[in-house]
Structure formats: C-alpha cells, structure tokens
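All remarks here apply to the structure that follows.
Computed from the coordinates by the stated procedures, all read-outs in this text should not be read as laboratory data. Computed from a predicted structure; not experimentally measured. Every residue, glycine among them, receives a Cβ derived from its backbone with ideal geometry; neighbour counts consider all protein chains shown.
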Amino acid sequence: MKVKQIHPLFAGEASGIDLSKPLAADDVEAINEAMNEYAVLVFRDQPLTQTQQVELAKSFGPLDFGFKRLKKAPDRMEHAELADISNVADAGGTVGRNDRKIVSNIANQLWHSDSSFQKPAARYSMLAAVRVPGSGGDTEYADLRSAYDALPEETKREIEGLQAEHYALHSRFLLGDTEYDEEQRNMLPPVLWPLVRTHAGSGRKHLFIGVHTRAIEGWTIAEGRMLLMDLLEHATQREFVYKHKWRPNDLVIWDNRCTLHRGRRFDLNQPRELRRATTLDVDHADQAAA
Ligand code: OGA
Ligand code: MN
C-alpha cells in the first residue's frame, strides 16, 4: 500500500490494496500506521458489497451501532452494523423532505465525531460511496491535532483538565427534531470526555469537540457553550480542513478520535447514497479526565 498526502497537514490517498479481499495482518497494520499518521485515508475504486464492507471493518475491531440503537425499525441495509447514509427510500427513489431520514442527513452536516456521545466512542468510520449527486454533498474533515497545536498557550492552559458533556440528541434538538419519548431520551445518556486528549496512535494531543458537546462540566451552560463554539470555530478554520469530493466506489476511513467531519448541503431531490461501518474505540471505554 502507498499513501500520497493530499492536504498540507493530514489526509492521504492510499493505493495498491484491494479492500474487498480479507486483509492480511500486515495490511491491517499498514492501514493502522497510515491512519495514525494521516487520520483520514481515501481509497478510490473499491466497489465493496455490504458484506465486504462489514468484513473489512471487523478487521479493525468490534463494530459500533451508534444512533442505530435508538431506532428499532428495519432499514435497507443487509447488516445491522451498517448505517444507511442516504436519502434513498426502500423502493429506490429519494425520500420526501419530511422523512425522518432527512433529519439524520442534515445532522451529519454539523461538525461531529461519530458516536462521541457514548463510551466507548467510535474509532474508525468507513464510509463507502454508492451514488453521489452531481454537485454538493462533499464531506469535510477537520484535523483536531493540528488545531490543538495551533491554540495559544494561554488557551491550552485554560482548557487542560476540563471535561465536556456529549449528548446524542443535542444535534437533533438543535434541528427541531424533538419527537423522542423518555425511553429514547434515556437510551443514550450523556457522557463526559476530556476536552483535550492524547491520541493513542501518535502520542499527539488533540481537542475532542463537535456538535454532540453541550456543556463543560462545572461551568455555566452559557460559558461552556461559548467556549465549545469558540474551539469549534478555531478547529474548523480552512487551514485545518480537507474537503472530500466523492466519486462512486470511494471508501474513506477516518479516525473519529482526532478529526471532526461534516457533510455539505446538496439537492435533496438527487439521490446521495453512502453506507458506513464504524469500529469502537474499545481501548478507551472509560477514559477519565486527563
Ligand atoms: C457519517 C457522516 C457525512 C456525509 O457517515 O458519519 O457524518 O457527508 N457523513 O454524509
Ligand atoms: Mn458522522
């Protein structure tokens, strides 16, 4: 496998590997090493079946169900572990604007780290493109290690040791999607993560923020949210962002520990069809404040 860096700070395009076949132990190691360095890896021309995508993900650890734990309804996916990141209806056309699926699509357009609202959170997300719209619908990634490095020393001192509260439904509430009963609201209870963490694979420090954060422990809501918004604005400046323009059969793997991502707006009448498998960051199930 070869990797060509595609952004000055992070993100690489990998080639010379066929992800549809079972990976040998050294392939897994090579990908892990590249992930620790680049945090986002783009693989072109990898037409994977749903089963192949699940098998690939399983080579990197146990799989995450994330938001799927909330919705019991069957979906289009052949495997419960796959998330249907699409605006496509069961019958094949696009869903209507009022379909619940659209809220999830739009929530994905807010900067976030997958499943940061649970313990363990997500480690790798693997998103495969099936159909993409003619324009719009790119996915952007922000490098939280470089963003941390670039903080003023005073801010680094101020935020060291703070913990942020992450809550799954915070992003949904922001978008006016409030129809969840008590059981659903309690199914994914809020968790605390340190605001500054050390990335196990590289030893580098990084921010751990995004739209699932709603408070700083021990701070007023107002001050905490303002700090979180300031840090998010800092971390998502253009210099820290790689924008991915999808082609069908792309597979992008990103490290949720040290990057944020968001989808970009697109014409909801055009089909945009991707699917995601995600691994759990099992080594950090209980990470307390640093
Ligand atoms: C995701 C996600 C963004 C996009 O799959 O986790 O946030 O561009 N996707 O679809
Ligand atoms: Mn996501």
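Using the basic label-point model (7 angstrom from Cα toward the beta carbon), what is the D99 to D84 distance in nanometres?
With each label placed 7 Å out from Cα toward Cβ, I get 0.7 nm.
So what's the net charge close to H212: Lys and Arg +1, Asp and Glu -1, counting the other residues with Cβ under 15 Å from its Cβ?
Charge balance near H212 sits at +3.
Test of understanding: what is the full-extension gain from D181 to R69, defined as 0.36 nm times their sequence separation minus their Cα-Cα distance?
Extra length available between D181 and R69 comes to 38.9 nm.
So what's the gap between the Cα centers of segment 208-240 and segment 14-44, to the nearest angstrom?
Cα centroid to Cα centroid, the span is 32 Å.
Hey, which of these cross-link pairs are over 25 Å Cα-Cα: K205/K243; K2/K156; K2/K245; K101/K245; K58/K119?
Beyond 25 Å between Cα atoms: K2/K156.
Using the Kirkwood formula over every pair of different C-alpha atoms, what hydrodynamic radius in Å results for segment 138-290?
Its Kirkwood hydrodynamic radius stands at 17.1 Å.
For the chain, modelled as a GNM with alpha-carbon contacts under 10 angstrom, which of R276, R76, R197 fluctuates the most?
R76
What number, rounded to the nearest 500 deg cm²/dmol, is the helix-based mean residue ellipticity at 222 nm of the chain, given -39500 (n - 2.57) per DSSP H run of at least four residues and division by all its residues?
The per-residue figure over the chain is -6500 deg cm²/dmol.
Peptides 134-145, 238-249: what's the order by average Cβ count within 10 Å, highest mean first?
134-145, 238-249
Under the Kirkwood approximation for Rh and a Cα-based Rg, what ratio Rg/Rh is obtained for segment 107-225?
0.99
If contacts are Cα pairs under 8 angstrom and at least 6 residues apart, what is the relative contact order of the chain in percent?
33
Using the Cα centre of segment 2-282 as the reference point, and only Cβ charges (+1 on K/R, -1 on D/E), how large is the resulting charge dipole? Debye, rounded to the nearest 20.
Magnitude of the dipole: close to 480 debye.
What do you get for Rg/Rh over segment 65-145 if you use C-alpha atoms and the Kirkwood form of Rh?
0.94
Ordered by packing density, taken as the mean number of other Cβ atoms within 10 Å over each peptide's residues, highest first, how do 225-232, 162-169, 268-275, 21-28 rank?
Sorting 225-232, 162-169, 268-275, 21-28 by mean packing, highest first, produces 162-169, 268-275, 225-232, 21-28.
Work out, step by step, the length gained on full extension between K58 and W219: first 0.36 nm times the residue separation, then minus their alpha carbon distance; give nm to one decimal.
54.0 nm
Arranged from highest to lowest average of other beta-carbon atoms within 10 Å per residue, in what order do the peptides 173-181, 87-95 appear?
Ranking, from highest mean packing down: 87-95, 173-181.
To one decimal place, what orientation-averaged projected area in nm² is obtained for the convex hull of the Cα set of the chain?
That works out to 14.6 nm².
Given bins 5 angstrom wide, list per bin the percent of all Cα-Cα distances in segment 219-290, short to long.
Whole-percent P(r) values from 0 Å outward: 3, 9, 15, 17, 18, 19, 11, 6, 2, 0.
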